[in-house]
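The values are calculated or read from the model by the stated rules, or taken from the named source; none is laboratory data. Quantities reported herein were computed from a predicted structural model and do not represent experimental measurements. Here the Cβ positions follow ideal geometry from the backbone for every residue, glycine too, while neighbour counts run over all protein chains shown. Ligands, DNA and RNA are stripped out before the accessible areas are found, and what is left, the full protein with its side chains, is counted by its heavy atoms. Shrake-Rupley method; radii C 1.70, N 1.55, O 1.52, S 1.80 Å.
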Amino acid sequence: MAPIAVGDTLPDGTLSHFDSNDALQHVSIHSLAAGKKVTIIGVPGASTPTCNLKHVPGFIDLASEFRNKGIDQFICIIVNDPFVVKAWGKTYPNNDSVLLLADGSAKDTHALGWELDLSEKGLGIRSRRFSLLVDDLVVKVAHIEQGGEFSVSSAEDMFKAL
């Protein structure tokens, strides 16, 4: 499968999260992004150093600036189960901006064409680190990292692309 690129329509998929009442929810990515301008980031896993200390916090910290530029929603797709994602979300007590969504089997990551095989390191299939700008389901900006790099998908990089 060819990786998703600028001009492509975002593939639909179902991701999971726990809502504020601690109930497990399954949501369609299309239901979250249709008719909206959204930033979607992908991380290899919860609590990995770069994801935990740089990638996700950057989008949380710049959320109001992104909103001033017309971004309606922030989504983070994590290749972990929803219980791990829920626990990881607690490390961001002031996060009211980025919706953390679990892609436990990496099915949706595969649909994007951005899976990363870390089996040699005992981690299985994960996601490449990325950031997307999607406008009404159409990819407008795609920043994809190679391997474990963090050089093009930061919040600052995406903000510059707006």
Going down the list 36/90; 86/107; 37/90, which pairs span over 22 Å between their C-alpha atoms?
-> 36/90; 37/90
Sites residue 136 and residue 12, calculated FRET efficiency, Cβ-Cβ separation with R0 22 Å, nearest 0.05 = 0.95
Using only the alpha carbons of the range 1-75, determine the length spanned along each of the three principal axes and report them from longest to shortest in whole angstroms.
-> 32, 30, 28
If you take the charge dipole of the range 78-127 about its Cα centre, with +1 on Lys and Arg Cβ and -1 on Asp and Glu Cβ, which of 87, 125, 111 is farthest toward its positive end?
-> 87
The simple spin-label model distance between residue 92 and residue 69, using points 7 Å out along Cα→Cβ, in nm, is 1.7 nm
Kindly rank 99-110, 5-16 from highest to lowest mean number of other beta carbons found within 10 Å of each residue.
-> 99-110, 5-16
Can you send over the solvent-accessible area of residue 153, 1.4 Å probe, protein chains only, in Å² to the nearest 10?
-> 0 Å²
State the three equivalent ellipsoid semi-axes of the range 41-162, derived from the C-alpha gyration tensor as the square roots of 5 times its eigenvalues, in descending order and whole Å.
-> 22, 17, 13
For the range 100-162, rounded, prolate or oblate, judged on the Cα gyration tensor with a ≥ b ≥ c (square roots of eigenvalues), a/c < 1.5 rounded, else prolate if a/b > b/c?
-> oblate
Would you work out the charge dipole size for the range 47-162 about its Cα centre, treating the Cβ of every Lys and Arg as +1 and the Cβ of every Asp and Glu as -1, and quote it to the nearest 20 debye?
-> 180 debye
Straight-line reach from residue 54: which aspartates and glutamates have a Cα under 16 Å away, not including same-chain ones fewer than 8 places off?
-> 145, 149, 156, 157
